[in-house]
Amino acid sequence: MYNARCTISALAPIVHRALYIIHFSLMNPSHAQEEEIRVDESVHEPVDFMTPIKGMTFFDPHIHMTSRTTDDYQAMADAGIVAIIEPAFWLGQPRTGLATFKDYYSSLVGWERFRSSQFGIKHYCTIGLNSREANNEPLAEQVMELLPLFAYKEGVVGIGEIGFDDQTAAEEKFYRAQLELAKEANLPVQIHTPHRNKKEGTERSMAIALEHGLDPGMVIVDHNNEETVKSVLDKGFWAAFTIYPFTKMGNERMVAVVEQYGPERIMVNSAADWGISDPLAIPKTAALMMMRGIPVEHIRQVTYQNAIDAFAQSGQINVADFESPSEIDQSQTFNGNTILRGGQQPRRDSKSIIIN
């Protein structure tokens, strides 16, 4: 119950946020959780999160940079993010032809990899047919023939993100097929767990992976929460957590998970994409962990080292590439293109108020 003395002005932001979450859930059913909406009534004062994490480096093992701007890259670099993994996923609306998948996969191993390097961030990706678009079976069959052409390319560290959305027969069919591809290519698997019926979908995803003979240590189960984490860890899988506003995990909950389960086989990601998301979710979570007394080494494990250990099994990750990076040259080109437009000079001071 709200205190009767609460003023209308004090309630306004709470009511506004509650209405927003309800609207978001109705408009985005695949991102809605089947649980009571809990509105945080606390007041969050602005905090300089950069100070507690000064000198730390981070690895974001799930972020969709195709949907982000160069300003995001700059902010990520400034916050200590040195390497990322971009899983193949859907782009907000269904694709209608094979060529669009081919061009998208090509951009993940080409242009986006280059664009990331222009900000000193090492870019890797996972390649796969996402669960949502697996339901277009005629097109999905064609995409399956395309995937082996990309699975062996430089910078591809896994098959993903794959798994379930609505948990349909078609989703299971192509999930199984891609597990076999991962086995053939000896690549880790990055599993997308569903937003609805998450516990059931997570258990089903793991059971099928084991049925296909995959080593749990080669499988990263993503988008976990408090009701799935114990089972995932008990079965020997990697447990990834997405810090994503309103729809997945908040970082206060993430702190509690690490306090309860420790840092082993747990990793944090942002899954920042075209929706309301935060590409700085990892450094902000690390800062909160620091402020809440989580040991520095535990923070390092869940925000950096565990992602490396899991995905380096692909044979594609050399830590020297981002721990001792070469000098950035933003005048470089990729297929004749550069991140600089119309005579722009390389950006040297991202905090300057002057835009030339």
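Below, the figures for the structure above:
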item	result
Condition check for Leu210: in contact with a Leu (Cβ under 7 Å, 6 or more places away or on another chain), surrounded by fewer than 22 Cβ atoms within 10 Å (Cβ to Cβ) and hydrophobic (A, V, I, L, M, F, W, C)	no
Leu108 being crowded, with 16+ Cβ neighbours inside 10 Å and in a helix (DSSP H, G or I)	yes
All positions within segment 114-129 that are buried (at least 21 other Cβ atoms within 10 Å of the Cβ), in contact (Cβ under 8 Å) with a residue 40 or more places away in the chain and under 21 Å from Thr100 (Cα atoms)	Arg115, Tyr124, Cys125, Thr126, Gly128, Leu129
Residue satisfying all of: in segment 87-116; modelled with pLDDT under 95 and of a type outside the set (A, V, I, L, M, F, W, C); nearest to Asp329 (Cα to Cα) among these	Gly92
Residues of segment 76-86 classified as crowded, with 18+ Cβ neighbours inside 10 Å and assigned to a helix (DSSP H, G or I), total	1
Which numbered condition Lys183 fails, given (1) under 21 Å from the mean Cα position of the chain (by Cα); (2) among the basic types (Lys, Arg); (3) within 17 Å of Ala151 (Cβ to Cβ)	(1)
Given (1) of a type in the set (A, V, I, L, M, F, W, C); (2) at pLDDT below 95; (3) surrounded by 22 or more Cβ atoms within 10 Å (Cβ to Cβ); (4) touching a Leu at 6+ places or on another chain (Cβ under 9 Å), index of the condition Ala239 fails	(2)
Some residue of segment 158-169 being touching a His at 6+ places or on another chain (Cβ under 6 Å) and closer than 25 Å to Phe322 by Cα	yes
Residue that is surrounded by the fewest Cβ atoms within 10 Å (Cβ to Cβ), among those in segment 266-280 that are touching a Ser or Thr at 6+ places or on another chain (Cβ under 7 Å), of a type outside the set (S, T, N, Q) and farther than 23 Å from Gln301 by Cβ	Trp274
Residue within segment 43-62 that is among the polar types (S, T, N, Q), modelled with pLDDT under 50 and not assigned by TED's automatic domain parsing to the domain that holds Asn197 present	no
Qualifying positions in segment 299-350 - among the small types (Gly, Ala, Ser), modelled with pLDDT under 75 and over 30 Å from Thr285 (Cα atoms)	Gly336, Gly342, Gly343
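The values are calculated or read from the model by the stated rules, or taken from the named source; none is laboratory data. Since we're looking at a predicted model, the values are computed, not measured. Cβ atoms come from the backbone with ideal geometry, glycine included; neighbour counts cover every protein chain shown.
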